[in-house]
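K.L.:
Structure incoming, see below.
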Amino acid sequence: MSEHLLNAALDAAARGWHVFPLRPGTKRPALHGEATCPRTGPCADGHRKWEQRATTDPDRIRATWSHAPFNIGVATGPSGLVVVDLDMPKNNSSADTPCGVTTFTALCERTGHAVPDTYRTRTASGGTHLYFTAPPTVRLANTAGTIGELVDTRGWGGYVVAAGSTTPAGPYEALSSPVAAPLPEWLQTILKPAPARSVGPLRLPAVDGSRAALAALQAECAIVTTAPDKQRNTTLNRCAFKVGRFVAWGDLPRHVAEEAFQGAGEGRGLTAAECRATIRSALDSSIRKARPREAA
Ligand SMILES: [Zn+2]
């Protein structure tokens, strides 16, 4: 019997994290789904999914893990956790796709924040999970690609595979002491659900920017509004960078570029704060690196 899995489940529960069994050697819940619900036992009054059945009760955990060497799922929502999942590129993706750790570290640098110091685990695939305590005032759900490419989060409706679990791809291991820091304010801002905003045609204010500058701005904003889900932020960054040289040359007022990209980025579903941070840093960097017009 795998004593270490039981102990890992009890350890997690002792921290207040709600655990439930995953099928041995997998990442899939061991509890039945709604389609096969017997409407008995814990489901006598209606089906209860893993998020509701996850527990911190040591007796229930001992009873469950006495049946089989289950891997350990932590239901992030009821545990009061938000876990940032820094994933690895799939084997078949292009070789220059940065991994989630690289993307997240770059975002921290661009936005001027330290890489958060908190409980970290290594996943079976070589990715990293960063555990944070959730803010009490907002209910954060899962996100995919909102922070960056290969940077997902698990909140309500989500779970993570806890340290101590193993799949054929490898073990899940703790990389630090198991203390989750509060989710930093700037990450909360990014993860807060954006208020719905309709995507309208780009309206540029009447300005005396050069024709080439305005055409470039319009074309780059159009690219942002059609960026794939997982590349919204990197696309905004790249497009704003391209337009920055016109700002450097004095062909386009900076605020015009900022407002246009802000509208395009929010229209594509990025949060206002995320757009502001990305646009500011892209323009700063572009202006700093812009070559004289004659040389360009
Ligand atoms: Zn059920």
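K.L.:
Restrict the check to segment 5-25 and report whether at least one residue is in the same structural domain as residue 133 (by TED's automatic domain parsing), of a type in the set (S, T, N, Q) and touching a residue at least 60 places away in the same chain (Cβ under 8 Å).
P.N.:
The answer is yes; a qualifying residue exists.
K.L.:
Oh, and also: I'd like to check something: does segment 66-80 contain any residue that is of a type in the set (S, T, N, Q) and either closer than 22 Å to residue 232 by Cα or surrounded by fewer than 20 Cβ atoms within 10 Å (Cβ to Cβ) (or both)?
P.N.:
Yes, segment 66-80 contains a residue that is of a type in the set (S, T, N, Q) and either closer than 22 Å to residue 232 by Cα or surrounded by fewer than 20 Cβ atoms within 10 Å (Cβ to Cβ) (or both).
K.L.:
Further question: Would you mind stating whether residue 215 is more than 29 Å from residue 139 (Cβ to Cβ), aliphatic (A, V, I, L, M), surrounded by fewer than 16 Cβ atoms within 10 Å (Cβ to Cβ) and at pLDDT 90 or above?
P.N.:
Against the criterion (more than 29 Å from residue 139 (Cβ to Cβ), aliphatic (A, V, I, L, M), surrounded by fewer than 16 Cβ atoms within 10 Å (Cβ to Cβ) and at pLDDT 90 or above), residue 215 does not qualify.
K.L.:
Has segment 223-239 got any residue that is modelled with pLDDT under 85 and not in a helix (DSSP H, G or I)?
P.N.:
no
K.L.:
Condition first: within 30 Å of residue 3 (Cβ to Cβ), more than 16 Å from the ligand (Cβ to nearest atom) and crowded, with 19+ Cβ neighbours inside 10 Å. Can you find one or more residues in segment 19-41 that meet it?
P.N.:
So far as segment 19-41 goes, yes, one or more of its residues are within 30 Å of residue 3 (Cβ to Cβ), more than 16 Å from the ligand (Cβ to nearest atom) and crowded, with 19+ Cβ neighbours inside 10 Å.
K.L.:
Picking from 45, 87, 96, 57, which residue would you name as being loosely packed, with under 15 Cβ neighbours inside 10 Å, touching a residue at least 40 places away in the same chain (Cβ under 8 Å) and either within 11 Å of the ligand (Cβ to nearest atom) or among the acidic types (Asp, Glu) (or both)?
P.N.:
57
K.L.:
Follow-up question, since we're still on this one. Filter segment 234-290 for residues that are farther than 16 Å from residue 148 by Cβ and touching a residue at least 60 places away in the same chain (Cβ under 8 Å); which is surrounded by the fewest Cβ atoms within 10 Å (Cβ to Cβ)?
P.N.:
By that ranking, first place goes to 272.
K.L.:
Give the number of residues within segment 131-180 that are of a type in the set (A, V, I, L, M) and in a loop (DSSP other than H, G, I, E, B). Explain how you work it out, then say what you get.
P.N.:
Within segment 131-180, the first condition is being of a type in the set (A, V, I, L, M), and the residues that meet it are 134, 138, 140-141, 144, 147, 150-151, 160-163, 169, 174-175, 179-180.
Next, from what is left, pick out any that are in a loop (DSSP other than H, G, I, E, B): 134, 138, 140, 150, 162-163, 169, 175, 179-180.
Count: 10.
K.L.:
Right, here's the next one. Quickly run through segment 29-42 and pick out the residues that are more than 16 Å from residue 157 (Cβ to Cβ), within 30 Å of the chain's Cα centre (by Cα) and of a type outside the set (A, V, I, L, M).
P.N.:
32 - this is the single residue of segment 29-42 that is more than 16 Å from residue 157 (Cβ to Cβ), within 30 Å of the chain's Cα centre (by Cα) and of a type outside the set (A, V, I, L, M).
The values are calculated or read from the model by the stated rules, or taken from the named source; none is laboratory data. Predicted, not measured: the structure shown is a model, and the values here were computed from it. Don't worry about glycine lacking a Cβ; one is built from the backbone with ideal geometry, like all the others, and counts go over all protein chains shown.
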